[in-house]
Amino acid sequence: MFTFPLVNTCSSLGIGLAGFGTVGSGVWNTLERNGDLITDRTGGEISLHVARILVRDPAKTRAITSEVPAGIFTTEWRALVADPAVAIVVELIGGTTDAFDLVAAALRAKKPVVTGNKTLLAERGGELFALSKEHRTPIHFEAAVAGGIPIIRTVQDSFIGNRIHSFSGIINGTSNFILGRMTEAGLTFEAALAEAQSLGYAEADPTLDVNGWDAAHKAILLATLAYGFPIDPAAIHVSGIQQVRQADIAFANNLGYVIKLLAVIREHPDRAVEIRIQPSFIAKSHILASVHGVFNAVAVHGDAIGEALFFGRGAGQDPTASSVVADLVEAARSLRQVDGHRGFLPYCESGKFLPVGDTSTAYYVRFDVTDRPGVIAEIARVLADHRIGISGTHSPVNPSNPDAEFVDMIFLLHTCPFGKLQCALAQIETLDCVNSTPVVFRIEALA
Ligand code: NAP
Ligand code: HSE
């Protein structure tokens, strides 16, 4: 029987690991556990070791499975990038300031970059991809979208022959976890968020998880990959899960829905791209309704592939490390190639957006009203004036206070452009009986 000789034909490549928190420690542990396997699987071509680690506090106790050699830590990112023992730079510190300087310096030094930082690439990707092109040095970012799910490489490589019609999915593990815990265990929002933080799912500043912007940054990256042009974050519509109450969850449940923070990216026939992130009612029978906890799912619709669904852990130490390590091997391969650049580069300067006002779905709207005769009629009149159809109304009664003065009034509305709804709601908000800004969730009719 013939066997391939598995010899290490190359010297080990040094990694500069910037960040040794949840994900950085996971990368260390994964390389410790599976480094030899990677070398075998690459026919002895790739061997990796961590040459330098950047942290804020070298004295901190770390969740790692083997001892880190003394003297490997630095608190100065310039020292990590400049170290001749570092061939590939992994950015896992987060944020958009030091992380930007570090990644830019690495590209200028022609050291391939691996990052999980979606905020950095969504907000400052234009500058970094320009540097990547100028210095013919790749940026790999599989871990930046949907944690352990290999969606970046799939879109970039496996679906390269497809025109992508749409993505729809759950791409923030923390908010999905929180909604799940509020639904299944009746936890408060705050208690569920604290659990997500303790499990290493949330961002250092969890505001981005709950206000929808973490998912928005990931949607920007997916759209840039699929449509080739840089996306201005200011152009997309984002709302988060902060306004979801137990009452909304219960009401959705009674109607046969679950509430999920949904990202929708869709190319329209005139090539205008729609991007929006918001809490949405999804039918319980839809496959995305059964995506629980920290799991993510991305449904991709391409003209050749049709519908494809990707499912897996969207956050957390090991799943994210899995993506970082895959990128490390890709980066190592690029160093071994003559032409050297297999990373993504935007290929169009600009593209068209569909304004959010022109996007249409059905809606769930919750009004905080003063309960008096005629309230429903007052709201309904404004909706009718704007030619927005009502499919149902409901006012949940508080059994311990059936004569409460202030109550929630729920309206389910037929499909209409969001801009039309916004005009109607602006007028409704001025009614005496309406006490605060109405809360709107989309009701998505997903394929
Ligand atoms: P984390 O646990 O907060 O770790 C951050 C690490 O970076 C820490 O080791 C910290 O040092 C170090 N650091 C931060 N700022 C620094 C600075 N200015 N100079 C030197 N060191 C600095 O964060 P994480 O959860 O691992 O996330 C890292 C990145 O991966 C973020 O961009 C995040 O969005 C992304 N990501 C995270 C996940 C996840 O599930 N957690 C999933 C996908 C992508 P100290 O340890 O000394 O404080
Ligand atoms: N905070 C992010 C999430 C980490 O919860 O999805 C993965 O990007």
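The values are calculated or read from the model by the stated rules, or taken from the named source; none is laboratory data. Everything numeric here is computed off the predicted structure, so don't read it as measured data. Glycine also receives a Cβ, built like all others from the backbone with ideal geometry; neighbour counts cover every protein chain displayed.
Points to keep in mind about this one:
- Filter result for the condition that a residue is at negative phi, in contact with a Leu (Cβ under 8 Å, 6 or more places away or on another chain) and of a type in the set (S, T, N, Q), over N176, N162: N176
- For I151, the stated conditions hold: it is within 16 Å of the chain's Cα centre (by Cα) and aliphatic (A, V, I, L, M).
- F310 within 16 Å of ligand 1 (Cβ to nearest atom), over 21 Å from Q243 (Cα atoms), surrounded by 14 or more Cβ atoms within 10 Å (Cβ to Cβ) and among the aromatic types (F, W, Y): yes
- Search result, residues across the stretch 335-381 that are among the small types (G, A, S) and either out of contact with any strand residue (DSSP E or B) (no Cβ under 9 Å at 6 or more places or on another chain) or modelled with pLDDT under 90 (or both): G340, G343, S350, G351, G374, A377
- Within the stretch 133-147, the set of residues being surrounded by fewer than 24 Cβ atoms within 10 Å (Cβ to Cβ) and farther than 16 Å from I15 by Cβ comprises K133, E134, H135, R136.
- Residue among G44, G26, G14 that is within 16 Å of ligand 2 (Cβ to nearest atom) and either surrounded by 15 or more Cβ atoms within 10 Å (Cβ to Cβ) or outside any helix (DSSP H, G or I) (or both): G26
- Within the stretch 414-436, the set of residues being surrounded by fewer than 16 Cβ atoms within 10 Å (Cβ to Cβ), within 17 Å of V356 (Cβ to Cβ) and either without any contact (Cβ under 8 Å) to a residue 12 or more places away in the chain or aromatic (F, W, Y) (or both) comprises just one member, A426.
- Candidate set from the stretch 96-105 (those that are in a helix (DSSP H, G or I) and under 25 Å from the mean Cα position of the chain (by Cα)); member that is farthest from R56 (Cα to Cα): A104
- For beta carbons closer than 6 Å, sequence separation of 6+ or different chains, a first residue in the stretch 401-413 that is within 7 Å of R366 (Cα to Cα) and a second that is among the aromatic types (F, W, Y) and outside any loop (DSSP other than H, G, I, E, B), the qualifying pairs are M409/F367.
- Only one of A315, A297 that is within 20 Å of I443 (Cα to Cα) and in contact with a Gly (Cβ under 8 Å, 6 or more places away or on another chain): A297
- Annotation note: Cβ proximity below 7 Å between a residue of the stretch 14-38 that is assigned by TED's automatic domain parsing to the domain that holds V114 and a residue that is of a type in the set (K, R) and surrounded by fewer than 21 Cβ atoms within 10 Å (Cβ to Cβ) (sequence gap 6+ or interchain) occurs for F20/R62; S25/R62.
- Filter pass, V50 being in a loop (DSSP other than H, G, I, E, B), more than 16 Å from ligand 2 (Cβ to nearest atom) and surrounded by 15 or more Cβ atoms within 10 Å (Cβ to Cβ): no
- Within the stretch 109-168, tally of residues that are in a helix (DSSP H, G or I) and either within 16 Å of ligand 2 (Cβ to nearest atom) or in contact (Cβ under 8 Å) with a residue 40 or more places away in the chain (or both): 20
- Among the residues examined, L37 does not qualify as modelled with pLDDT of 95 or more, within 28 Å of K218 (Cβ to Cβ) and of a type in the set (A, V, I, L, M, F, W, C).
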